[in-house]
1. Just checking, how many residues over the range B:180-189 are surrounded by fewer than 19 Cβ atoms within 10 Å (Cβ to Cβ) and touching a helix residue (DSSP H, G or I) at 6+ places or on another chain (Cβ under 8 Å)?
2. Does any residue of the range A:101-118 turn out to be buried (at least 20 other Cβ atoms within 10 Å of the Cβ) and over 16 Å from the mean Cα position of the chain (by Cα)?
3. Which of (1) out of contact with any helix residue (DSSP H, G or I) (no Cβ under 8 Å at 6 or more places or on another chain); (2) buried (at least 24 other Cβ atoms within 10 Å of the Cβ) is the odd one out, the single condition residue A:129 does not satisfy?
4. Determine, yes or no, whether residue B:76 is in a helix (DSSP H, G or I) and within 17 Å of residue B:151 (Cα to Cα).
5. Restricting attention to the range A:144-175, and to residues there that are assigned to a helix (DSSP H, G or I) and without any contact (Cβ under 8 Å) to a residue 12 or more places away in the chain, which single residue is farthest from the other protein chains (Cβ to nearest Cβ)?
6. Out of B:126, B:114, which single residue is in contact (Cβ under 8 Å) with a residue 24 or more places away in the chain, in a helix (DSSP H, G or I), buried (at least 19 other Cβ atoms within 10 Å of the Cβ) and at the interface with another protein chain (Cβ under 7 Å from one of its Cβ atoms)?
7. How many of the residues making up the range A:176-196 are farther than 20 Å from residue A:101 by Cα and either at the interface with another protein chain (Cβ under 10 Å from one of its Cβ atoms) or in a helix (DSSP H, G or I) (or both)?
């Protein structure tokens, strides 16, 4: 079993096309699912723990737990939509196949995050600061996402229709993944914070934060009270 | 009266069109009962998306949104599609009513399926997002995505039945279908905006 797991992990990294073909043929998907969950826990968990090294302490454990959880929650919410979109746009892939494909893609992304972990740890250890840490983690997520796209593209087809399905899936995945991660934050942890919460208060949403950051980036800072006044008219 | 007899009767008016009609009329069509069942399934699946939207406020809003979400699809199926069929018949396209119903059923079912697939993600988004405007925007994105895929399926089914005519006839069909697409989007958006309070920024 161990040899089979390592062989599947190797295949996930080296040949996304072979993984997609295995899912298309509906071979026994159990080793693939087990290997993918293992890769997800190990890769995303390690990267989460590394992100928390700047804060240290209990945040290490929290982030190691929450990052794989955010990925899994996002997959659970998005996979039914992916399957429906693929079916709607003429790809004959059922829910089981889409679960295998999405899980494999997430596993590949997690393994890429694992590859980034030592370099990120080194940079964080040099004390680059909270905001640069956030930026660095976003870049790593971007690279991991691109590597996951290869698995999805191999499974959905590399023609115009496959690209259309990928774009529609991305339109569902991006807001859902961002909001799931927002609900489970903090992952890095502000150094100035006295205590480390497992989850922060709701404090708006990812979309609200992006909206406010768009104003902040052009030098227009809006306080929470002002935003409340604008939205409610009070 | 069988499809073949109907097509031959139409031949008295226009022989060329009748030839086309005979070939498309002979294409196997699904039984009408099955198409209506598919249409109803699509509307039922769309109401699952409505339930997800209603989860933001709960209570009566659940029912209100569950009834409102299929309405956009119903307006397209009941108002816009018959209008397209009349226009296509006026320009003498070889499209049978049963084929039109089949195309509409396929489009509605696919849109409903995508809406139902989106429901878990949208429920999480509208419940956890604080800003009413952002929640409305996310719901609208889901409706447009599913509506677009449904429209794509409807047009693909129509294209299958209308393929292979002379260029002049095809250009007239194209204009009729393009007008229908714009009208279908506008009507569905209007119905959803009127019947889904969440889209109007209600929390």
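1. If we filter the range B:180-189 for residues that are surrounded by fewer than 19 Cβ atoms within 10 Å (Cβ to Cβ), which is where we start, we get B:181-183, B:185-187, B:189.
In the following step, the residues that additionally are touching a helix residue (DSSP H, G or I) at 6+ places or on another chain (Cβ under 8 Å) were identified as B:181, B:183, B:185, B:187, B:189.
Qualifying residue count for the region: 5.
2. No - not one qualifying residue is present in the range A:101-118.
3. (2)
4. Values: in a helix (DSSP H, G or I): yes; within 17 Å of residue B:151 (Cα to Cα): yes.
Here the answer is yes, as residue B:76 does meet what is asked.
5. Taking the range A:144-175 and keeping what is assigned to a helix (DSSP H, G or I), we get A:144-156, A:160-175.
Going one step further and asking which of them are without any contact (Cβ under 8 Å) to a residue 12 or more places away in the chain, we end up with A:146, A:160, A:163, A:167, A:170-171, A:174.
Numbers: A:146: 22, A:160: 12, A:163: 14, A:167: 10, A:170: 11, A:171: 6, A:174: 10 Å.
Across the range A:144-175, the extreme among qualifying residues is A:146.
6. Numbers: B:126 fails: at the interface with another protein chain (Cβ under 7 Å from one of its Cβ atoms).
Checking each option against the conditions leaves just B:114.
7. So the first thing to find is which residues in the range A:176-196 are farther than 20 Å from residue A:101 by Cα, and the list is A:178-196.
Add one more test, that the residue is either at the interface with another protein chain (Cβ under 10 Å from one of its Cβ atoms) or in a helix (DSSP H, G or I) (or both), and what stays is A:178-184.
The total comes to 7.
For (1) over 18 Å from residue B:100 (Cα atoms); (2) within 12 Å of chain A (Cβ to nearest Cβ), each residue gets a yes or a no:
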{"residue": "B:133", "(1), (2)": "yes, yes"}
{"residue": "B:143", "(1), (2)": "yes, no"}
{"residue": "B:151", "(1), (2)": "no, yes"}
{"residue": "B:155", "(1), (2)": "no, no"}
{"residue": "B:170", "(1), (2)": "no, no"}
{"residue": "B:175", "(1), (2)": "no, no"}
{"residue": "B:187", "(1), (2)": "yes, no"}
{"residue": "B:191", "(1), (2)": "yes, no"}
{"residue": "B:199", "(1), (2)": "yes, no"}
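The values are calculated or read from the model by the stated rules, or taken from the named source; none is laboratory data. Quick caveat: nothing in here was measured; it's all calculated off a predicted structure. When we count neighbours, we look across all protein chains shown, and the Cβ atoms used for this are built from the backbone with ideal geometry, even at glycine.
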